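So the structure is just underneath, and the comments pick up after that.
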Amino acid sequence: MSEAVAHDDHDHGPEKGLMRWVRTTNHKDIGTLYLLFSLAMFMFGGAMAMVIRMELFQPGLQVVDPHFFNQMTTMHALVMVFGAVMPAFVGLANWLIPMMIGAPDMALPRMNNWSFWILPFAFTMLASTLFMDGGAPAGGWTMYAPLVLQTGDAFPFLIFAVHLLGISSVMGAINVVATIMNMRAPGMTLMKMPLFVWTWFITAYLLIAVMPVFAGAVTMLLTDKFFGTSFFNAAGGGDPVMFQHIFWFFGHPEVYIMILPAFGVVSAIIPTFARKPLFGYSSMVYATASIAFLSFIVWAHHMFTVGMPLAGELFFMYATMMIAVPTGVKVFNWVSTMWKGSMTFETPMLFSIAFVVLFTVGGLSGLMMSITPVDFQYHDTYFIVAHFHYTLVTGSVFSIMAAAYYWMPKWTGNMYNEKLGKIHFWLSAIFVNVLFFPQHFLGLAGMPRRIPDYSVQFTDWNMVSSIGGFGFGLSQLLFCYIVYATIRGGEKATDQVWEGATGLEFEQLPSPAPYHSFNTAPEVK
Amino acid sequence: MAEGKHSKTVTMLVAMVFFMSGFSFALVPLYDVFCEVTGLNGKTAEGPAAISKAQVDTDRTVKVQFLTNLNNQAPWKFKADVYEMKVHPGQMYETSFYAQNLTADKKVAQAVASVSPGLAAEHFNKTECFCFNEQAFEANEGKDMPLRFMVNPELPKEITTLTLSYTFFELDKLAKQ
């Protein structure tokens, strides 16, 4: 039992043994479960990426057969999106939102337990398809009909896994909204909330709005395959293109679900190490809300080549370009926060600065693709692969790592090894660019995505990219070790942890944060 | 328990979830309406058009091209008897298509029509078409299938060429899938 709660007469510490983790309703335990699960999935999805890069190391078919290659690309995406990035942010939300707004726990602790424990079952179902007749789903994570209907025994497993993941995220989102709406400490007005809380608040609404649409779309796939409906079957009066519209109506807000909390993380870290308050707080809130709104009206930019009236292409082109405005506001604000600040460069700050620079690279290639006529060239090439990996790896994943380094001392009470953290950062930052930057060139030169073999003129950059991939993959083993070592021990962290850190979790709670915190609401200035 | 004070929020959020689930299915009819308005996909009517006595516009000639496709490389022969016709809007024309089942099994097939450019689809009126019904074929049977159509004089002036494309879907195979 933690010393810090000793004065709390009706409190008790965690249950002993393994059942603690199964039965827990404590937001910190559940946050830990989410984060560790996400790290495991990150390594699992990463292993599949290594298979992909191994096969693409040189032209010709060397390591795996094309069908297995397609299973790898499909499963890599599903695992990384739904298993690594989304649960990591839910884990951060669980740990941080109650501490940041001065609440004792999440609003619905039992549902919280349930929303986590659905995940291992969903991913067991999904991973088990690798061993089935016909293999795992191989039609791409976007599950386009009619191709996905050719999936073998894995098909119903894929659909039900997606249903479970959807239920889990929707429950998590309901919990976040209820917590933020009803459990803020007195004085914690909406416009005083840390940006991480704000971005999650908006993300949760996005989840509630689009996960049911995704569930609906995959249910239609299921009935098309097994119950003779023709939602996406032209012979029965349906339309395969409609699947793409419904999918991307979910899919585009989904990409913001994976990046908005990252904006929140970076907006917490940069002011700390620049030792200046965040520049333009309220513009950050409004920018986040506008990005969320715009995300609902740009979906068809994923399908410019599918055949659309000219007016449609123009509408989606201009709407997409408009997203650059609020995103630009954010980047400007982060840079202005650093301007003339007394900056120091600890690992979380390094990851955050890399986030700002490299996410902007991904944002700029996104702006290029929003131009309809040039998208006809980029569509389904490695340029797209480079673009979304810049936003998702150097964007979302880097922000998650920054968050882990930034808050781990608060969670565990121990400082991580700064030297190893810096080595991890530099290895990751260099290799990730070796990995993904050449893919821009490959895409512009015309290399299509989702192929196991390619023309010889693409050899050199693919080899470079694969070397970057192996380097980036191996560097993450170091991250696993750093996390393990920090949980086990290390130099004790101070209560404030970082010199410039602000917020309730750093100002009013000891390190490590006690098992039960803020049973009486804190004073908010 | 603490649930009490959250029940209003949670009810509202769960209602949103149900609303959006319903919305995902509502997108299906909405999509059809949207396609009709914009002419997306060039879907033609699924039943016969009423025979109308439109004014024949002999001053205007529109080229109508016929395309035939097989879905999934199904074992069929499917072709148009003529590949191209020059027609006057408002006049009724007849042509035919030939399809043959190349297997030793009974088959049922369905042709799905699509017109390009999409905005012309609503002005392409078929009074008789083999695509209105499923077509049954005995083993190795081949047959001529008629199409009677008229191009509506309201067809926008700038459209001078229409392409009617048929895709032949084998239904038995779909049922077995």
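Values quoted throughout were computed directly from the atomic coordinates according to the rules given, and no laboratory measurement underlies them. Computed from a prediction, not measured in an experiment: that's the story for all the values here. Backbone-built Cβ (ideal geometry, glycine too); neighbour counts: all protein chains shown.
For chain A, the longest principal axis of the Cα atoms and the long axis of helix A:347-370 meet at an angle of about 30 degrees. The C-alpha atoms of segment B:1-84 occupy a region whose extents along the principal axes are 79, 42, 19 Å, arranged from largest to smallest.
Across the cross-link table entries A:LYS330/A:LYS419; A:LYS28/A:LYS330; A:LYS330/A:LYS492; A:LYS276/A:LYS422; B:LYS77/B:LYS126; A:LYS330/B:LYS8, which are compared at the Cα atoms, the separations over 25 Å belong to A:LYS330/A:LYS419; A:LYS28/A:LYS330; A:LYS330/A:LYS492; A:LYS330/B:LYS8. Annotation: the residues A:PHE121, B:PHE97, sorted from fewest to most other C-beta atoms within 10 Å of their own C-beta, follow the order A:PHE121, B:PHE97. Close amide H contacts of B:THR68 (hydrogens built in the peptide plane, cut-off under 5 Å, sequence separation of 5 or more or a different chain): B:TYR166.
Look at A:ILE259, A:ILE451 and count the other Cβ atoms within 10 Å of each Cβ; fewest to most, that gives A:ILE451, A:ILE259. Here chain A is scanned for GluC sites (Glu not before Pro) in DSSP loops (not H, G, I, E, B) that have at most 16 other Cβ atoms within 10 Å, and the longest stretch holding none of them is A:16-490.
Taken along the Cα-to-beta-carbon direction at a fixed 7 Å, the label points for B:ASP144 and B:THR58 span 2.8 nm.
Of the chymotrypsin sites (Phe, Trp or Tyr not before Pro) in segment A:156-257, which ones lie in a loop per DSSP and count no more than 13 other C-beta atoms within 10 Å? When the chymotrypsin sites (Phe, Trp or Tyr not before Pro) of segment A:156-257 are filtered for loop state and at most 13 Cβ neighbours within 10 Å, A:PHE227 remain.
Rounding to the nearest 10 and keeping the result within 0 to 90°, find how far the Cα-based axis of helix A:382-391 lies from the longest principal axis of chain A. It is inclined by approximately 10 degrees. Across all Cα pairs in chain A, the calculated P(r) in 20 Å bins from zero up to the longest distance comes to 22, 58, 20, 1 percent per bin.
Summary of the geometry: segment B:11-27 and segment A:414-479, compared by the centres of their Cα atoms, lie 41 Å apart. In this rough spin-label picture, where each label sits 7 Å from Cα along the Cβ direction, the A:ALA445-A:THR494 distance is 5.3 nm.
With respect to chain B, whose longest principal axis is taken over its alpha-carbon atoms, helix B:3-38 is tilted by about 10°. Give, as ranges by residue number, the residues of segment A:471-507 whose backbone N falls under 18 Å from the point 7 Å along Cα→Cβ of A:LYS525. Under 18 Å, as judged by backbone N against the label point of A:LYS525, lie A:495-507 of segment A:471-507.
Taking the inverse of the mean reciprocal distance over all distinct Cα pairs, the Kirkwood hydrodynamic radius of segment A:144-302 comes to 17.7 Å.
Applying 1/(1 + (r/R0)^6) with R0 = 56 Å to the Cβ-Cβ distance of A:CYS480 and B:VAL108 gives a FRET efficiency near 0.45. Ordering A:ILE257, A:ILE430 by the number of other Cβ atoms within 10 Å of each residue's own Cβ, fewest first, gives A:ILE430, A:ILE257. So if we plug the beta-carbon distance of A:THR344 and B:THR161 into 1/(1 + (r/R0)^6) with R0 = 60 Å, what FRET efficiency do we get, rounded to 0.05? So, using R0 = 60 Å, E works out to roughly 0.30. Taken residue by residue and averaged, Cβ atoms of other chains lying within 10 Å of the Cβ of A:144-154 number 1. The trypsin sites (Lys or Arg not before Pro) of segment B:103-177 that DSSP puts in a loop, and whose beta carbon has at most 15 other beta carbons within 10 Å, are B:LYS106, B:LYS157. Can you give me the Kirkwood hydrodynamic radius for chain B, using every pair of distinct Cα atoms, in Å to one decimal? Hydrodynamic radius (Kirkwood, Cα only) of chain B equals 19.0 Å.
With unit charges on the beta carbon (Lys/Arg positive, Asp/Glu negative), name the residue among A:PHE506, A:ILE30, A:PHE296 whose Cα is farthest towards the positive pole of the charge dipole of chain A. Looking along the dipole axis, the top candidate is A:PHE506.
When the inverse distances between all different Cα atoms of segment B:92-172 are averaged and flipped, the Kirkwood radius reads 13.9 angstrom.
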